[in-house]
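The values are calculated or read from the model by the stated rules, or taken from the named source; none is laboratory data. Just so it is clear, the structure is predicted and the values come from calculations on it, not from any experiment. Cβ coordinates were reconstructed from backbone atoms using ideal geometry, including for glycine residues, and neighbour counts include every protein chain displayed.
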Ligand SMILES: NC(=O)c1ccc[n+]([C@@H]2O[C@H](COP(=O)([O-])OP(=O)(O)OC[C@H]3O[C@@H](n4cnc5c(N)ncnc54)[C@H](OP(=O)(O)O)[C@@H]3O)[C@@H](O)[C@H]2O)c1
């Protein structure tokens with residue numbers, strides 16, 4: 001059972017807003033949100049003040065300093081420090097103020113660089129991390145472990161979800177720094193608008209990747225918050241993968257781009273396959289509902305709406 005009131009940290013982000021949309025369908029739940037201007041989660045005194053005055057019963061922690069490879073490589077100090085500060089402040093303030101359930105957001109990108117595929121939960125910390133986002137991964141692993149230790153030492157239900165690559169409403173469409181799927185939606189949309197005869201995707205198009213609609217993640221988060229004995233951390237994904245070329249084909253079909261899709265093998269491919277094993281979460285009774293093709297259609301509609309209303313995220 002989800003105990004109200006629920007504080008959704010990072011409610012303005014892609015994950016936080018999906019969780020809030022889902023909670024809004026649950027009439028008995030009071031949801032608390034604060035913008036960064038009202039509550040900077042890195043500031044311990046502000047966090048303590050917020051928790052002691054407002055006393056949430058449940059916390060869903062969807063706040064983080066996130067960024068692409070370039071930002072992660074250039075600013076490791078900020079990625080480590082900002083994430084550690086907000087996790088430490090929020091988990092400790094939660095415990096001191098009687099929060100019984102804390103759901104922390106990890107990510108499959110914090111598994112080791114050469115994790116065995118499909119990735120099972122016990123791959124965490126089993127071998128060296130990916131260098132490009134090491135600082136972010138260390139901070140996230142610390143947050144996840146802090147939740148595990150609080151649960152182990154004090155018996156509170158603090159636990160984590162490890163989502164795969166996400167997409168959906170509120171995604172970031174920065175031309176250079178966005179994730180693969182929103183980046184493709186933007187580039188293929190712009191190619192269609194310009195009437196280009198072709199569009200080029202990076203690499204050979206052969207790497208296989210997995211994508212989960214953020215509304216499915218929100219559903220999984222609330223499912224996990226209902227469990228009396230959830231896993232300390234659990235993968236959330238589809239366990240289905242698609243090649244980058246096939247993904248581009250699906251996006252082009254959705255957008256109505258009829259030009260040629262070209263590959264550029266001179267650009268790096270990254271790891272050939274990244275897939276999560278979702279046996280554990282499925283064993284608790286959850287499974288994803290939104291198929292990729294259908295999810296891309298609805299996400300493209302959101303992209304157009306966000307663009308028309310001037311709310312497209314592109315930073
Ligand atoms: N997106 C994915 O594909 C993906 C995949 C796996 C896991 N995840 C995990 O899911 C979580 C949320 O990701 P997301 O994609 O939703 O990120 P996002 O869209 O960037 O949202 C992050 C939110 O956190 C807020 N925030 C950051 N620092 C803050 C601070 N110091 N004080 C208050 N608020 C702060 C941001 O506020 P501002 O708007 O003010 O910056 C934003 O609302 C992260 O832990 C991420 O690792 C994401």
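At-a-glance table
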item	result
Conditions (1) crowded, with 16+ Cβ neighbours inside 10 Å; (2) at negative phi: number failed by residue 170	(2)
Output for the stretch 276-292, where each listed residue is assigned to a helix (DSSP H, G or I) and exposed (fewer than 12 other Cβ atoms within 10 Å of the Cβ)	283
Subset of the stretch 148-183 (residues that are under 30 Å from residue 100 (Cβ atoms) and more than 12 Å from the ligand (Cβ to nearest atom))	148, 149, 150, 151, 152, 153, 154, 155, 156, 157, 158, 159
The lone exception for residue 185 - which of (1) over 30 Å from residue 293 (Cα atoms); (2) touching a helix residue (DSSP H, G or I) at 6+ places or on another chain (Cβ under 8 Å); (3) outside any loop (DSSP other than H, G, I, E, B) it fails	(1)
Some residue of the stretch 65-84 being at pLDDT 95 or above, within 16 Å of residue 144 (Cα to Cα) and touching a strand residue (DSSP E or B) at 6+ places or on another chain (Cβ under 6 Å)	no
Some residue of the stretch 33-44 being touching a strand residue (DSSP E or B) at 6+ places or on another chain (Cβ under 8 Å), under 18 Å from residue 219 (Cβ atoms) and crowded, with 22+ Cβ neighbours inside 10 Å	no
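Every residue, every condition in (1) more than 21 Å from residue 16 (Cβ to Cβ); (2) surrounded by fewer than 21 Cβ atoms within 10 Å (Cβ to Cβ), yes or no:
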position	(1), (2)
91	no, no
103	no, no
106	no, no
109	no, yes
112	yes, yes
117	yes, yes
121	yes, yes
128	yes, yes
131	yes, yes
